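Contents: one structure, followed by commentary.
The values are calculated or read from the model by the stated rules, or taken from the named source; none is laboratory data. Just so we're clear, the structure is a prediction, and the values are computed from it rather than from any experiment. When we count neighbours, we look across all protein chains shown, and the Cβ atoms used for this are built from the backbone with ideal geometry, even at glycine.
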Amino acid sequence: MSLLKPQAVSAPRQWIRRYGMLLVLLAMMLLASLLSDRFLTSNNLMNVTRQVAINAILAAGMTVVILSGGIDLSVGSVLALTGAVGAGMIAAGGNWLVAALAMLGLGTLLGAVNGFFVAYGQLPPFIVTLAMMAFARGATLVYTNGRPITVLNNAFQWFGHGSVGPVPAPVAIMIILYLAFYIFLNRTTLGRLIYAVGGNERAARMSGVRVNFIKVLVYAMSGFTAGFAGIVLTSRLFSAQPTAGTSYELDAIAAVILGGTSLSGGRGSVTGTIIGAFIIGILGNVLNLLNVSSFYQDVAKGVVILVAVLLDRLIHAGGKGSLRKGVAPRAQQA
Amino acid sequence: MAGISKAFPGVIALDGVDFEVRAGEVHALLGENGAGKSTLVKIMTGVYEKDSGEMYVRGEKVEIRSPLDAQRLGIRIIHQEFTLINDMSVAENIFLDAMGSRMLSWVPYRRMRAESRELLKRLGLHHVSVDALVRDLSVAEQQIVEIARALREEAAVIIMDEPTAALTDAEVERLMDIIRQLRASGTGIVYISHKLDEVMAIADRATVLRDGRLVGTKPMAELTRDEIVRMMVGRPLTKLYVRNHKPTSEVALEVRDLSVPGRVHGASLVAHKGEVVGITGLMGAGQSELVRAIFGAVPRSGGEIKLHGRPVDIRSPQDAIRHGIALLTENRKEEGLVLLLSVVANSSLAALEKVSRFGFVDVAKERRQAADYVERLAIKTPSLDQEVDSLSGGNQQKVVLSKWLATDADVIIMAEPTRGIDVGAKAEVYALIDELAGQGKTILLVSSELPEVINLSDRIYVMHEGRIVAELDAANTSQEEIGHYATGGTRHESA
């Protein structure tokens with residue numbers, strides 16, 4: 001039966017639609033290698049990837065939240081708080097593994113608190129996670145007294161400085177997380193329900209989906225990845241900084257959006273997100289190599305995000321005879 | 001419009017269709033779902049661009065490339081879903097486009113209110129203040145505001161897409177008056193509806209499309225109902241209603257004294273295995289809340305629900321589904337489907353665990369199940385991976401049905417299962433209801449279409465202002481009797 005076969009993706013438009021952002025990334029890399037001969041060295045590429053890893057880890061959880069139709073502004077602060085608490089435990093003589101697990105647990109817990117208020121308090125995610133962002137940042141400052149906590153523990157250093165074969169540990173963690181998230185979103189029942197909730201919450205509810213549970217789950221997952229990013233960053237810096245992770249949530253959201261995930265939920269993928277994270281990372285790297293001031297880097301980042309998303313919109317909406325054209329303008333009909 | 005064609009990937013939606021509307025004419029546009037009506041309308045209103053063909057307005061050749069072009073040429077559409085701004089006043093909504101094109105001037109409130117009042121009066125909406133918020137109006141009133149807006153812009157052609165889908169009989173009557181009035185003042189009206197009685201009453205001419213082709217345009221006076229149906233489906237429709245099932249006397253569902261604060265007051269009903277039980281009444285009489293409460297989707301303040309003689313505690317849709325109850329809601333786009341997801345994903349949504357193992361979706365099994373339903377329910381879709389958004393109304397409804405069939409529920413509640421779907425798809429839904437009852441399922445059919453309720457049900461409950469006021473034997477009742485009870489008549493008077 002022909003219906004059983006997945007839809008063929010032969011048309012060039014569909015190909016572009018699926019791989020458009022990957023093309024943007026490759027074009028950027030091509031341009032970068034023309035502008036700077038240091039770009040395509042293995043040393044530099046490894047360096048970029050290591051830098052991308054932390055944002056990519058955060059963005060994995062962010063993708064899940066945004067797919068469900070929410071947003072999580074608290075990830076940067078949660079990262080800082082988990083880092084501080086973990087560093088504190090190790091500084092007090094605690095076991096590194098216990099500390100790491102505690103960091104993951106704390107992140108997950110804070111995320112679940114977000115989810116609880118979003119789901120059962122029926123508050124807008126923007127407000128709830130904004131409150132958590134302030135709360136967790138404040139708690140970090142209280143806990144650290146505003147001073148960094150140094151971490152000197154050889155085993156713990158692995159997360160930021162170790163490697164698996166030739167692959168740096170943060171990158172390995174990133175790859176494993178993305179594989180797990182990919183399988184979770186595409187193959188598991190819960191993953192499917194996240195798309196359903198993001199696509200149409202009322203329909204999901206009326207189909208017996210436990211929407212509140214799904215919401216708690218997605219924010220908990222985002223908290224978990226924030227905790228993981230906290231481990232890697234603390235390890236990399238040999239210390240927990242009270243201001244660590246400031247505005248990281250914006251980079252994570254940018255990566256998700258660049259990756260083609262719809263801010264209104266229901267459509268998107270982690271494969272897109274990792275491409276988005278690399279676009280942001282490589283942009284910063286190229287500007288560094290070209291000795292552009294970091295002030296201008298933010299300006300450039302803003303422009304690139306806008307242009308890339310605009311391009312994506314054109315790819316999705318454009319073209320006569322595209323069914324999708326009928327979808328988008330429905331709101332403005334008549 | 002002459003020789004209009006439009007192709008989508010894999011489908012030719014319109015193939016050389018000619019269509020014209022004269023000034024001062026009501027022209028019905030008919031066809032089954034997927035026949036090309038909406039595509040034609042979308043080309044007229046600039047939502048889609050045509051692939052080929054020519055369009056003329058008042059004899060002049062025009063190109064309509066955007067909704068704005070269409071508006072400038074005086075083509076307006078009134079949808080089932082309105083395009084009013086809920087938090088603005090009636091007057092502001094009527095003048096919305098005028099404000100949009102003169103953004104830099106002061107808002108001429110005095111003139112706006114006066115002209116709006118005039119328009120509403122013309123349309124017989126005396127009792128609504130032009131300062132009222134659209135949010136606070138009834139659906140019928142909002143529709144009239146839409147028409148007022150079209151009138152203010154002196155629309156040459158007004159397209160009405162299923163305008164009566166959400167109206168009561170009295171409101172439909174008033175709309176018909178308004179349409180006659182518009183016709184008399186020279187406006188051309190394109191009238192799209194699945195309700196053939198209405199179409200035959202109001203339209204001057206009818207154009208029928210089938211599979212993207214023009215079947216014909218004829219004066220209404222020369223057409224009979226059967227002829228229209230034959231043109232639409234391409235074959236004489238032998239029987240709309242089938243009834244082969246035989247209800248048993250085994251009680252499947254029993255509801256006692258169920259109340260929903262403010263909406264349902266102490267409703268009791270029974271439904272047997274293999275029985276189709278109709279629940280009807282005027283819009284807002286509490287039918288929808290009653291079945292939602294049974295399904296656990298709205299909280300009930302009291303009452304007992306028994307399934308197969310055992311009391312069950314249903315507090316959420318999950319509970320209901322676990323106990324084998326399904327609810328097909330009356331608004332498939334809002335509550336029935338996840339429009340962004342594929343046919344497969346939608347059809348397995350309510351029973352995902354049935355195609356899952358250890359928390360993982362068994363994709364092959366899921367696709368096989370969906371393919372089965374696509375075949376069994378004759379769902380027309382280019383592929384299983386098609387997003388349901390792009391399917392026609394009837395096919396979307398079948399996807400919702402497949403979702404509930406997949407749960408293997410034995411009590412299936414269907415609220416307005418044929419709303420906004422064409423005759424052919426209706427007949428298929430009716431046949432399916434009969435088939436399900438024949439398999440021993442219990443069907444609660446909530447519908448405001450009396451012929452449907454009478455012809456499919458075994459017994460009928462009539463609701464009025466939140467109470468069940470009558471229980472009737474479908475074989476021995478009439479639309480008049482049901483109408484009598486639905487409007488608050490008592491048993492005594494009816495005799």
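State whether the residues of segment A:314-330 include one that is away from chain B (no Cβ under 14 Å), out of contact with any strand residue (DSSP E or B) (no Cβ under 7 Å at 6 or more places or on another chain) and either part of a helix (DSSP H, G or I) or modelled with pLDDT of 85 or more (or both).
yes
Which condition does A:I183 not pass, out of (1) outside any loop (DSSP other than H, G, I, E, B); (2) within 14 Å of another protein chain (Cβ to nearest Cβ); (3) within 21 Å of A:V75 (Cβ to Cβ), if it passes all the others?
The one condition A:I183 does not meet is (3).
Among all residue pairs at least 6 apart or on different chains, which show Cβ distances below 8 Å where the first residue, located in segment B:316-342, is closer than 15 Å to B:G420 by Cα and more than 8 Å from chain A (Cβ to nearest Cβ) and the second is of a type in the set (D, E) and surrounded by fewer than 24 Cβ atoms within 10 Å (Cβ to Cβ)?
B:E330/B:E416
Identify the residue in segment B:33-60 that is touching a strand residue (DSSP E or B) at 6+ places or on another chain (Cβ under 7 Å) and within 13 Å of B:V208 (Cα to Cα) and, among all such residues, is surrounded by the most Cβ atoms within 10 Å (Cβ to Cβ). Steps first, answer last, please.
Initial filter on segment B:33-60 (touching a strand residue (DSSP E or B) at 6+ places or on another chain (Cβ under 7 Å)): B:35-37, B:39-41, B:43-45, B:48, B:50-56.
Cutting the leftovers down to within 13 Å of B:V208 (Cα to Cα) gives us B:35-37, B:40.
On the way: B:A35: 25, B:G36: 26, B:K37: 22, B:L40: 28.
Checking each candidate, the answer is B:L40.
Within segment A:117-175, work out how many residues are out of contact with any strand residue (DSSP E or B) (no Cβ under 6 Å at 6 or more places or on another chain), under 26 Å from A:G88 (Cβ atoms), of a type in the set (S, T, Y) and outside any helix (DSSP H, G or I).
0
Just to be sure, is B:A351 at the interface with chain A (Cβ under 8 Å from one of its Cβ atoms), free of Cβ contacts under 8 Å to residues at least 60 places away in the same chain and in a helix (DSSP H, G or I)?
On the way: at the interface with chain A (Cβ under 8 Å from one of its Cβ atoms): no; free of Cβ contacts under 8 Å to residues at least 60 places away in the same chain: yes; in a helix (DSSP H, G or I): yes.
Judged against the criteria, B:A351 is not a match.
Looking only at helices (runs of 4 or more DSSP H) that lie completely in segment B:68-164, which have at least 3 residues being under 25 Å from the mean Cα position of the chain (by Cα) and within 14 Å of another protein chain (Cβ to nearest Cβ)? Give the derivation first.
Working: elements: B:90-94, B:96-101, B:109-122, B:139-152.
The helices (runs of 4 or more DSSP H) meeting that bar are B:139-152.
With respect to B:L240, is the statement that it is under 29 Å from the mean Cα position of the chain (by Cα), at pLDDT below 90 and over 22 Å from B:L401 (Cβ atoms) true?
No; evaluated as a whole, the condition is false for this residue.
Could you identify the single residue in B:E428, B:E481 that is assigned by TED's automatic domain parsing to the domain that holds B:L327, free of Cβ contacts under 8 Å to residues at least 24 places away in the same chain and surrounded by fewer than 21 Cβ atoms within 10 Å (Cβ to Cβ)?
B:E481
Looking only at segment B:375-401, filter to residues that are within 12 Å of another protein chain (Cβ to nearest Cβ) and part of a helix (DSSP H, G or I); which one of those is nearest to B:A364 (Cα to Cα)?
My answer is B:E375.
Report whether or not A:Y143 is under 20 Å from A:I66 (Cα atoms) and hydroxyl-bearing (S, T, Y). Show your work before the answer.
Details: under 20 Å from A:I66 (Cα atoms): no; hydroxyl-bearing (S, T, Y): yes.
Judged against the criteria, A:Y143 is not a match.
Looking only at segment B:150-171, which residues are without any contact (Cβ under 8 Å) to a residue 60 or more places away in the chain and either touching an Asp or Glu at 6+ places or on another chain (Cβ under 8 Å) or surrounded by fewer than 17 Cβ atoms within 10 Å (Cβ to Cβ) (or both)?
B:R152, B:T164, B:D169, B:A170
So, in segment B:325-374, of the ones that are under 19 Å from A:S68 (Cβ atoms) and acidic (D, E), which residue ends up surrounded by the fewest Cβ atoms within 10 Å (Cβ to Cβ)?
B:E334
Taking interchain pairs and intrachain pairs at least six residues apart, which have beta carbon atoms under 9 angstrom, with the first residue in segment A:188-199 and surrounded by fewer than 21 Cβ atoms within 10 Å (Cβ to Cβ) and the second acidic (D, E)?
Once the first residue is surrounded by fewer than 21 Cβ atoms within 10 Å (Cβ to Cβ) and sits in segment A:188-199, its partners that are acidic (D, E) give A:T189/B:E353.
Among the residues of segment B:432-443, is there at least one that is in the same structural domain as B:K398 (by TED's automatic domain parsing), crowded, with 19+ Cβ neighbours inside 10 Å, touching a Gly at 6+ places or on another chain (Cβ under 6 Å) and not aromatic (F, W, Y)?
Taking every residue of segment B:432-443 in turn, at least one turns out to be in the same structural domain as B:K398 (by TED's automatic domain parsing), crowded, with 19+ Cβ neighbours inside 10 Å, touching a Gly at 6+ places or on another chain (Cβ under 6 Å) and not aromatic (F, W, Y).
Name the pairs whose Cβ atoms lie under 7 Å apart, with the first residue in segment B:56-71 and in the same structural domain as B:R22 (by TED's automatic domain parsing), the second among the polar types (S, T, N, Q), and 6 or more positions between them or separate chains?
B:P67/A:Q332; B:P67/A:Q333; B:P67/B:T45; B:A70/B:T45
Name the single residue, out of those in segment B:282-315 being within 14 Å of another protein chain (Cβ to nearest Cβ) and without any contact (Cβ under 8 Å) to a residue 24 or more places away in the chain, that is surrounded by the most Cβ atoms within 10 Å (Cβ to Cβ).
Result: B:I314.
Condition (residue is in a helix (DSSP H, G or I) and among the polar types (S, T, N, Q)) applied to segment A:73-86: is it met by at least one residue?
Taking every residue of segment A:73-86 in turn, at least one turns out to be in a helix (DSSP H, G or I) and among the polar types (S, T, N, Q).
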